[in-house]
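Read through the structure below, which is laid out as structure tokens, and then see the notes.
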Amino acid sequence: MFKKEYFRMEIINNKYRILEKIGEGSFGCIYKCENIRTNKYFAVKVEPFANGTKLLKNETIIYHYLNNSEGIPTVKWFGKDISNYYMVIDLLGKSLQTMKNNYTKFSLKLVLQIGIKVVTLLKTIHEKGLIHRDIKPENFLLGLSNNKKSIYIIDFGFCKSYMINGSHISETSSHNLIGSLTYASINAHNLICMSRRDDLESLGYMLIYFYLGELPWQTESNSEKVKHFKIEVIENSNLPPILINYMNYIRKLSFTDTPNYEYIIKQFSFDIQNTVNR
């Protein structure tokens, strides 16, 4: 990793100057960088060899596989030096988590608008045979300039294929909880191999967080206690019916079920038409 006193001067691939740290992913830090030949700005994700993860190359492959899909940033370059792997990618705006930090909570209308965009993104990814497995507010970024109202999904470090040779993978056990404890599905807590339903359940907790302003289990570190809170969250009297119905629908999906994305979007859209910032 770059030493604090000189990383701002570091130039990679004889083209990209590292400027400042802007975030962290599942296995590396993210910096803002400048193409010294065009003076355009990008983001660069750095994975030190010392981490022993070797996941950045796989993430780059996934981005290339999803290339030209709406809401997926484009990789400009992947490479390495004697210490790190690097992935240069489109520079995006603030994350949904950063936006949430500026407000106590979001209106139901905004929550459902976000939900529609994220469900659409997940549909795109799932139709490519992939599941993200790390759905959380930090992994959704707004665009810049003319794309400020667009939402992009990032950080495919935990991404996995759920299709092998045209067939859905079998339901098996996993060795540990994948993704974020705060937003992981109940199946993930039970160490059941994840599928499409789990991305959508994690989205549900994200939307509940935006609406309520906080989650009852946010400061809890015990997985079993967090799971118990999640099981009971649909009993929360402060939740609107649309979010309760969404969670009930997702939780009824079987391991191999294809979620009805259009149905979810239709329900969210209908509720938006019948609510004004409630």
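Hey, can you tell me all the residues within region 7-34 that are of a type in the set (S, T, N, Q) and free of Cβ contacts under 8 Å to residues at least 24 places away in the same chain?
To start, the set of residues in region 7-34 that are of a type in the set (S, T, N, Q) comprises 13-14, 26.
N14, the sole residue that qualifies.
Note down all Cβ pairs under 7 Å where the first residue falls in region 56-73 and is closer than 15 Å to V44 by Cα, the second is acidic (D, E), and they're at least six residues apart or on different chains.
L56/E47; P73/D90
So if I check each of H189, H132, H175, which one is surrounded by fewer than 21 Cβ atoms within 10 Å (Cβ to Cβ) and modelled with pLDDT of 95 or more?
Values: H132 fails: surrounded by fewer than 21 Cβ atoms within 10 Å (Cβ to Cβ); H175 fails: modelled with pLDDT of 95 or more.
Residue meeting the stated conditions: H189.
For residues that are without any contact (Cβ under 8 Å) to a residue 60 or more places away in the chain and part of a helix (DSSP H, G or I), scanning just region 195-215, find the one that is surrounded by the fewest Cβ atoms within 10 Å (Cβ to Cβ).
The extreme case among them is Y205.
Do we have L141 as at pLDDT 95 or above, assigned by TED's automatic domain parsing to the domain that holds N238, part of a strand (DSSP E or B) and in contact with a Ser or Thr (Cβ under 9 Å, 6 or more places away or on another chain) here?
yes
Might you check whether a residue that is within 18 Å of G143 (Cα to Cα) and surrounded by fewer than 16 Cβ atoms within 10 Å (Cβ to Cβ) occurs anywhere in region 104-119?
Within region 104-119 (the criterion being within 18 Å of G143 (Cα to Cα) and surrounded by fewer than 16 Cβ atoms within 10 Å (Cβ to Cβ)), the answer is no, since none of the residues qualifies.
Within region 42-82, work out how many residues are part of a strand (DSSP E or B) and acidic (D, E).
Qualifying residue count, region 42-82: 1.
Among the listed residues L122, L112, identify the single one that is in a helix (DSSP H, G or I), over 22 Å from K32 (Cα atoms) and touching a strand residue (DSSP E or B) at 6+ places or on another chain (Cβ under 9 Å).
Result of the check over L122, L112: L122.
M163: surrounded by 15 or more Cβ atoms within 10 Å (Cβ to Cβ) and of a type in the set (A, V, I, L, M), yes or no?
no
From Q267, Q218, grab the single residue that is within 23 Å of S107 (Cα to Cα) and surrounded by fewer than 16 Cβ atoms within 10 Å (Cβ to Cβ).
Q218
Looking at S254, S223, which one is closer than 17 Å to T182 by Cβ and over 18 Å from the mean Cα position of the chain (by Cα)?
S223
Taking into account only those residues within region 23-40 that are at pLDDT 90 or above and exposed (fewer than 15 other Cβ atoms within 10 Å of the Cβ), which is nearest to L91 (Cα to Cα)?
By that ranking, first place goes to K40.
The values are calculated or read from the model by the stated rules, or taken from the named source; none is laboratory data. If you're wondering where the values come from, they're calculated on a predicted model, not measured in any experiment. Here Cβ is always computed from backbone atoms with ideal geometry, including for glycine, and neighbour counts include all displayed protein chains.
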